[in-house]
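A short worksheet on the structure shown next.
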Amino acid sequence: MLTDAQIEQLRLESKVVSNGKSRVSDKRSHLERNYLAESASGSRYKIFVRQCNLIADNFSCGIMYQKGDGQWIILARYNGSDHPHANDIEKTSFEMKCHIHIATERYQVLSKKAEKYAEVTDRYNTVDGALACLVMDWKVTGLGHEASPKNGDLFND
């Protein structure tokens, strides 16, 4: 389990992508890109970007951290507005809004997904915008394209 303090420390750590020219994979229902990143301290991260082929608002960008035991934990996911979400502990919910899932200690304690908690955002409305926000929030450099909330086309090389 990661504490909230450890999660924040990981967020603040600078990360450099080692495969910035990652290729697009067509997974039938969605397109996907996966990146690997590392910090100066040797921490390992994966960044994934997924876009549904049928629903423009169905996308997700996320960052994962490899714990000391080799297991991966999702630290954050930046999702589109194609589905409702409910925060079980807080007893809050929202409909069809872009939102950011954030790993928390409290959800791990209850054996839920670490990143089950989510907050509505208006910072992005496209997969490219979501990736740009992730890159900024999690201090990531070295992507093979310019991540921007306003422009770019991640899945067209």
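The values are calculated or read from the model by the stated rules, or taken from the named source; none is laboratory data. Small disclaimer: the values here were computed from a predicted structure and weren't measured. Here Cβ is always computed from backbone atoms with ideal geometry, including for glycine, and neighbour counts include all displayed protein chains. Just so you know, the surface numbers come from the protein's heavy atoms only, side chains and all, with ligands and any DNA or RNA stripped out. Shrake-Rupley method; radii C 1.70, N 1.55, O 1.52, S 1.80 Å.
Here is how the numbers come out for the structure above:
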{"read-out": "Filtered residues of the stretch 1-38 (kept if of a type in the set (Ser, Thr, Tyr) and buried (at least 17 other Cβ atoms within 10 Å of the Cβ))", "value": "22, 35"}
{"read-out": "Whichever residue in the stretch 108-124 is in contact (Cβ under 8 Å) with a residue 12 or more places away in the chain and farther than 24 Å from residue 58 by Cα and, among such residues, is nearest to the chain's Cα centre (by Cα)", "value": "108"}
{"read-out": "Any strands (runs of 3 or more DSSP E) falling wholly within the stretch 75-144 and containing at least 2 residues that are within 18 Å of residue 50 (Cα to Cα), at pLDDT 95 or above and not polar (S, T, N, Q)", "value": "99-102"}
{"read-out": "Boolean, residue 152 is at pLDDT below 90, surrounded by fewer than 21 Cβ atoms within 10 Å (Cβ to Cβ), in contact with a His (Cβ under 9 Å, 6 or more places away or on another chain) and assigned to a loop (DSSP other than H, G, I, E, B)", "value": "yes"}
{"read-out": "Residue 33 touching a Leu at 6+ places or on another chain (Cβ under 9 Å), within 21 Å of residue 135 (Cβ to Cβ) and basic (Lys, Arg)", "value": "yes"}
{"read-out": "When residues of the stretch 49-70 are limited to those that are open to solvent by 10 Å² or more (accessible area, probe 1.4 Å) and part of a strand (DSSP E or B), the one farthest from residue 84 (Cα to Cα)", "value": "66"}
{"read-out": "Residues that are open to solvent by 50 Å² or more (accessible area, probe 1.4 Å), closer than 27 Å to residue 36 by Cα and either hydroxyl-bearing (Ser, Thr, Tyr) or in contact with a Phe, Trp or Tyr (Cβ under 6 Å, 6 or more places away or on another chain) (or both), drawn from the stretch 71-110", "value": "102"}
